[in-house]
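Notes follow the structure.
Read the figures in this text as sums done on the coordinates, not as results from a lab. Note that this is a predicted model, so its numbers are computed, not measured. Cβ atoms come from the backbone with ideal geometry, glycine included; neighbour counts cover every protein chain shown.
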Amino acid sequence: LSLSLSLSLSLSLSLTPSPSPSTHPEPCHLLARIGHTLRLGALLPTRQPARVQAALGRALLHLQHAHSTLLPYNLSVEVVWGGPRRAGDPETALRCVCEELVVNGVSAVLAFPQSRDELLQVEFMATFLEIPFISIIEQGEPIRTQNRFHLQMTTRVPPSGLAELLLAVLVREGWQGGAAVLCPGSEDSGILEHLQQQGRIGLNGLLSRTPSALASSILLFGSDPECMATVLRGASQLSLTLHPTHWIMGFPLSLDALHSIGSPLGLLAYGEVNRKPLNFYIRDALQLIGRAVFAATAIRPDLALIQNVVNCFDKPNKHEVPSSGQYLARFLSNTSFDGLTGQIQVQHYRSRVLTTQRFHIWSLQRDAMGQPSWVTVAGFQAGHLEVEEQGLWPGVTQRVSDESPGIHPGGRWQPGLPVAGSRLRVVTLVEHPFVFTREVDDDGQCPAGQLCLDPHTNSSDVLNHLFRELEQANSSSSSNFIPSEIRKCCYGYCIDLLEKLAEDMQFEFDLYIVGDGKYGAWKGGRWTGLVGDLLSGAADMAVTSFSINSARSKVIDFTSPFFSTSLGILVRSKDTAAPIGAFMWPLHWSMWVGIFVALHITALFLTLYEWNSPFGMTPHGRNRVRVFSYSSALNLCYAILFGRTVASKTPKCWTGRFLMNLWAIFCLLVLSSYTANLAAVMVGEKTFEEVSGIHDAKLHHPSLGFRFGTVRESSAEDYMKKSFPEMHEYMRRFNKPTTPEGVATLKTDPAQLDAFIMDKALLDYEVSIDADCKLLTVGKPFAIEGYGIGLPQNSPLTRNVSEYVSRYKSDGYMDMLHDKWYKVVPCGKRVFAVTETLQMGIQHFSGLFVLLCVGVAGALLSLLGEHAFYRFILPHLRHQHRLRYWLHTSQVRHSFLCWLLVQFSKLSRPTPSPPTQGI
């Protein structure tokens with residue numbers, strides 16, 4: 001049963017401009033005949049037709065939204081669908097194509113065969129109908145044919161291509177024999193068959209399917225990661241990996257599958273990267289057809305646009321009337337372009353449409369932290385194996401020593417030879433914490449660190465002589481060949497990095513300190529320091545805090561930066577004695593004013609509340625011996641503020657006492673804060689030079705007498721010379737030969753320099769080890785730069801070392817080195833302002849002022865309450881005889897009530913009449 005899908009999509013294919021009118025006049029009668037439409041057929045597969053149909057729909061939709069047209073005369077394309085067909089039935093397949101596609105006059109057909117039988121059916125139909133077919137093969141091997149009507153495009157590398165990849169890897173391994181191990185249920189035998197056919201060498205002429213002790217390489221086939229991991233673990237337990245044997249995964253794997261395989265080290269695997277989806281291949285196939293039609297229309301538009309085969313059983317005589325399919329096939333075979341899947345090229349002698357698939361070859365090695373990790377060691381594309389890093393390919397040391405007679409292990413490395421097994425000469429410069437030096441022990445050796453020479457010369461002849469003497473001393477276990485003052489032990493950040501590189505890249509090194517102690521600058525017609533040693537050939541590599549700048553990069557190579565830094569400014573602190581008015585410093589002037597203003601206002605309210613209270617010591621109304629005046633209130637407030645224990649009048653009313661207690665709380669908090677800051681002020685304050693950065697006026701106006709310098713022939717001096725020539729001219733007299741000497745001039749008494757400019761990474765370390773905490777980096781960083789490993793120009797080691805450095809940064813090894821050598825000490829991570837004393841302003845005590853204001857307002861309510869009590873409650877209480885209970889609440893009110901009772905009794909008692917005198 002066949003299903004006919006009559007879906008027509010009218011859209012404009014894109015990617016190439018339409019032909020100019022001068023190429024061929026627009027055939028209006030032909031365009032009217034075909035309805036301005038070019039028909040293409042799509043033959044759906046028997047399995048999963050919906051998936052293929054969706055991919056084809058996405059490809060057509062994308063081309064519909066393109067801007068320029070692919071077909072000439074602004075033609076649109078109509079896609080006619082056919083299928084699915086019954087599997088294994090050629091007659092049904094041919095009927096489907098004839099009834100659904102051919103009768104619609106299609107110019108070409110896209111087919112999606114999913115088995116070899118379906119592919120053969122397409123081959124037969126293309127030959128019989130003489131209509132161009134393009135088969136997009138997702139799995140399996142293309143058939144070998146020279147049919148110009150049938151082109152085959154593979155979306156995956158077929159077994160023959162995988163066999164070609166494995167053969168290239170085996171040859172790179174130095175194949176001396178091999179075996180193949182297949183996991184149960186594996187379907188990889190096709191790769192083995194092609195490998196046997198393609199290979200000229202093998203285990204006894206053929207690949208054995210059982211492991212052999214003589215085999216140098218073992219191929220492990222299987223699609224189940226658990227099975228493959230089990231085989232590799234079993235091989236390790238059986239000690240098969242102790243022989244010079246390399247395990248290679250025979251079937252491509254994904255990166256996710258690799259994580260489940262953890263042994264043995266040196267294991268090789270491969271897999272396709274950047275794999276393109278099906279709709280990308282469909283778009284390239286449509287573009288191939290469109291380009292061919294475009295070219296054919298320019299010559300014979302009638303044959304290119306009108307399909308004369310519209311009946312499978314009534315074809316025109318090919319000797320009388322040429323077929324449009326024959327005409328279009330000629331242009332398909334001669335079309336090539338850059339498509340979405342790479343370079344698209346048609347091989348007419350093989351009926352293949354070549355696409356690009358790229359594979360990566362991975363090796364299981366230890367990463368910077370010592371853990372097993374998969375590393376990309378090579379790539380495979382278009383039949384070529386490209387080894388990315390010579391030192392990473394497993395087994396390279398053994399091959400170098402056995403197969404390269406011109407390479408002597410332990411001898412000095414020469415450009416053009418593998419670095420593994422060779423000896424590099426490395427120059428360094430002492431700069432803490434990147435490189436330290438100390439004396440050797442009594443035997444002239446270094447129990448920790450690396451032995452390095454300090455010859456105080458840059459002569460290649462002297463260096464060659466010294467290292468030959470050192471080699472003889474090592475061979476004879478004697479240290480009398482080289483004076484002990486030349487022998488040093490080098491250690492530090494960069495030495496650890498150099499040791500890690502030597503371990504991973506499998507080389508040895510001879511280390512010496514640069515003779516003139518300079519980084520390198522153009523002086524006297526030549527380069528000095530590290531740069532000069534690299535240019536003269538005295539050293540193969542420079543490892544230290546070597547700044548990357550434009551001048552050096554023109555004459556030598558740098559690796560990718562292993563440390564990022566900038567230039568900074570180092571200053572020294574100034575210890576100053578406390579001035580005469582230092583006792584005022586703990587509080588800001590606004591706070592002092594606020595305290596005394598609040599004191600007088602509080603005293604004023606205390607007086608007013610006391611005078612207006614019926615229970616207060618008022619100057620009128622009640623005859624009191626003592627009166628609470630404004631001076632009494634001031635005396636009380638000052639006594640509370642300064643904690644004096646002197647005789648003072650206290651308010652008698654409730655309102656006054658409430659406000660007095662609030663004032664006491666206010667004074668307590670202010671005095672505690674003042675006392676806490678007073679001690680720090682009285683012992684003196686620590687200040688630093690105020691330098692905002694490189695653009696500060698102190699640096700740009702030498703007339704101010706500000707002294708500053710840097711290290712001679714360093715990247716800092718080169719930056720100052722180029723960016724600020726006038727400033728550089730002034731500071732030259734203050735420049736120092738090394739960073740430690742420059743820092744020492746800041747710490748002398750009196751100081752010889754006011755500021756020192758150098759790499760911030762070096763200055764931060766000097767600050768961190770300053771026991772007196774007198775040094776500080778100030779201002780904003782400037783001149784961002786990085787430290788790199790220097791190599792001679794066009795050195796073959798630059799790329800490999802850069803990739804290792806990048807890997808160390810991503811693996812966290814560089815962070816570990818930073819934590820190791822930049823130790824955290826009390827002065828290491830401080831941040832000072834211009835002064836260390838914190839003045840406390842009025843804003844710090846705003847809450848206390850608010851509390852005091854609330855107390856004043858609350859006292860008003862209390863005063864109103866007293867008057868209400870006096871006027872409305874006391875008249876009722878005088879008729880009751882419970883006055884004794886008031887003594888518990890207020891002695892004043894108890895006395896007042898008793899006095900009222902006595903006065904009332906006196907008034908109610910009858911007054912005796914005076915005696916009458918007789919007449």
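Using the Cβ-Cβ distance between ALA448 and SER566 with R0 set to 22 Å, the FRET efficiency works out to roughly 0.10.
Do any of LYS523/LYS721; LYS698/LYS722; LYS488/LYS820; LYS488/LYS760 go past 24 Å between their Cα atoms, and which? Cα-Cα > 24 Å for LYS488/LYS760; rest within. If R0 is 41 Å, what FRET efficiency do you get for SER629 and HIS876 from their C-beta distance, rounded to 0.05? The pair SER629/HIS876 has a calculated efficiency of 0.75. For trypsin sites (Lys or Arg not before Pro), the sites in the stretch 535-574 that DSSP calls loop and that have at most 11 other Cβ atoms within 10 Å are LYS554. Listed by chain and number, the aspartates and glutamates whose C-alpha is less than 14 Å from the C-alpha of LYS518, apart from same-chain residues fewer than 8 away, are GLU431, ASP454, ASP533, GLU713, GLU717, ASP718, GLU741. Count the net charge of all other residues whose Cβ sits under 11 Å from the Cβ of LEU470, scoring Lys and Arg as +1 and Asp and Glu as -1. After counting each charged neighbour, the total is -1. About the centre of its Cα atoms, the stretch 409-562 shows a dipole size close to 680 debye [charges on the beta carbon of Lys, Arg (+1) and Asp, Glu (-1) only; nearest 20 debye].
Take the Cβ atoms of ASP461 and ASP749, set R0 to 35 Å, and the FRET efficiency comes out at 0.15.
What separates the Cα centres of the stretch 585-604 and the stretch 708-748 is a distance of 51 Å.
The length gained by stretching the chain between ARG526 and LEU864 to full extension, at 0.36 nm per residue less their Cα-Cα distance, is 112.0 nm.
Positive-end ranking of ALA420, ALA448, GLY525 along the dipole of the stretch 409-562, with charges on Cβ about the Cα centre, is headed by GLY525. Modelled spin-label separation between ALA54 and SER692, with each label point placed 7 Å from Cα along the Cα-to-Cβ direction: 6.3 nm.
With the simple model of a label 7 Å out from the Cα in the direction of the Cβ, SER723 to ARG412 spans 3.8 nm. Which aspartates and glutamates does LYS276 reach when only Cα atoms under 19 Å apart count, and residues fewer than 8 places away in its own chain are ignored? Cα-Cα hits under 19 Å: GLU138, GLU141, ASP256, ASP284, ASP338. Potential lengthening of the chain between GLN381 and SER810 amounts to 151.7 nm, from the contour at 0.36 nm per residue minus the alpha-carbon distance.
Counting only Cβ charges, +1 for Lys and Arg and -1 for Asp and Glu, the dipole size of the stretch 501-542 around its Cα centre is about 480 debye.
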